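Engineer: Right, I'll just put the structure down here and ask away after.
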Amino acid sequence: MKKFLKIVGIIFLLISIVIIYSRYIGTSGLITKEYKLETNKINSSFDGLKIVHFSDLHYKRIVDKKFLERIVKEINLINPDIVFFTGDLIDKDFAIDSQDKDDLIECLGNIHSKYGKYTVNGNHDYVKDENLLKEIYTNSNFKMLNNTYDIIYGNENDKLFIGGVDTYSYNKADIDKVMGYFTNNEDISYKIILVHEPDYIDNFVDKYDIDLVLSGHSHNGQINIPYLKELFLPYGSKKYYENYYNINGTLLYVSSGIGESRINFRLFNRPSINFYRINKITD
């Protein structure tokens, strides 16, 4: 009996340690995942392009101003050319007041980039006040790309295509509107698309020639244990939820996110930002 109670006690202690770790340590800290991309399609003006990609802030659930200031500091240390945020700025279960709004504008506005800062809606963003989000992004110099695009110009009229798709979870995504530029133009060879839900890629990967797709939403399941993590995957990331995929030549990178959704736990899956460096190669 004593041996049984001892075993039960050890199991209880181990479970308690895992719960405490995943709640207070797993959700803190910040890591940078660095990826090197090589392509012969990008123009010489953008050789060595530095991109920072972060996602799923879920502000107010666990992420506060202090944590966000740390994220901004890490991003600026990279000195990025472009910054992308792929949705879920504010958690849908938490309201923000005027001070929170000002804090978000201040912090996001302090992110520096050479060419610009871009974002798309996530599923949590859709249930928030649309005007509130627009005010935050506009005043922090983020350009919203919901079913639209932007062209970045380099030297000698070199161009880079940046497209963004609205949230897939509420049937707002329309990749055809995004790619409408190419109906009358074929003058850009390297194309980047932002989506929130990675599974949406199956709606366009065989239809359009896209080089790089950046997404979020999955959080890698938050609890990064095989078989168990699948239980925490939301709709829109049931198929693609790991860090990286190559789908018929289109590269898909899925951010594991900064904040948490539904449960305030992370295990073997620390909050992170992605850093991509795109280098031009010659045939």
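The values are calculated or read from the model by the stated rules, or taken from the named source; none is laboratory data. Just so we're clear, the structure is a prediction, and the values are computed from it rather than from any experiment. Every residue, glycine as well, gets a Cβ built from its backbone with ideal geometry; the counts of neighbours run over all protein chains shown.
Engineer: Among the residues in region 205-212, are any touching a residue at least 60 places away in the same chain (Cβ under 8 Å) and either of a type outside the set (S, T, N, Q) or surrounded by fewer than 16 Cβ atoms within 10 Å (Cβ to Cβ) (or both)? Talk me through it step by step, then tell me what you get.
Structural biologist: Our first condition is that a residue be touching a residue at least 60 places away in the same chain (Cβ under 8 Å); within region 205-212, this holds for 211-212.
Next, only the ones that are either of a type outside the set (S, T, N, Q) or surrounded by fewer than 16 Cβ atoms within 10 Å (Cβ to Cβ) (or both) stay: 211-212.
Yes - at least one qualifying residue is present in region 205-212.
Engineer: Filter region 194-246 for residues that are part of a loop (DSSP other than H, G, I, E, B), touching a strand residue (DSSP E or B) at 6+ places or on another chain (Cβ under 8 Å) and charged (D, E, K, R) and give the result.
Structural biologist: Hits for region 194-246 are 197, 209, 211, 242.
Engineer: Keeping to region 2-14, report how many residues are at pLDDT 70 or above and either of a type in the set (A, V, I, L, M) or assigned to a loop (DSSP other than H, G, I, E, B) (or both).
Structural biologist: Qualifying residue count for the region: 5.
Engineer: Quick check on my filter: what residues within region 104-136 are among the acidic types (Asp, Glu) and either surrounded by 19 or more Cβ atoms within 10 Å (Cβ to Cβ) or touching a residue at least 40 places away in the same chain (Cβ under 8 Å) (or both)?
Structural biologist: 125
Engineer: Next question, about the same structure. Tell me, yes or no, whether region 81-99 has at least one residue that is of a type in the set (Phe, Trp, Tyr), surrounded by fewer than 22 Cβ atoms within 10 Å (Cβ to Cβ) and modelled with pLDDT of 95 or more.
Structural biologist: Scanning region 81-99, I find no residue that is of a type in the set (Phe, Trp, Tyr), surrounded by fewer than 22 Cβ atoms within 10 Å (Cβ to Cβ) and modelled with pLDDT of 95 or more, so the answer is no.
Engineer: If I ask for residues that are more than 21 Å from residue 126 (Cα to Cα) and aliphatic (A, V, I, L, M), which ones from region 55-75 would you list?
Structural biologist: Hits for region 55-75 are 68, 71, 72, 75.
Engineer: Suppose we filter 75, 17 for residues that are surrounded by 15 or more Cβ atoms within 10 Å (Cβ to Cβ) and not in a loop (DSSP other than H, G, I, E, B); which single one remains?
Structural biologist: None of the other options fit; the residue is 75.
Engineer: Also, quick follow-up: Can you tell me which residues in region 213-247 are farther than 22 Å from residue 191 by Cα, free of Cβ contacts under 8 Å to residues at least 24 places away in the same chain and not charged (D, E, K, R)?
Structural biologist: 226, 227, 228, 231, 233
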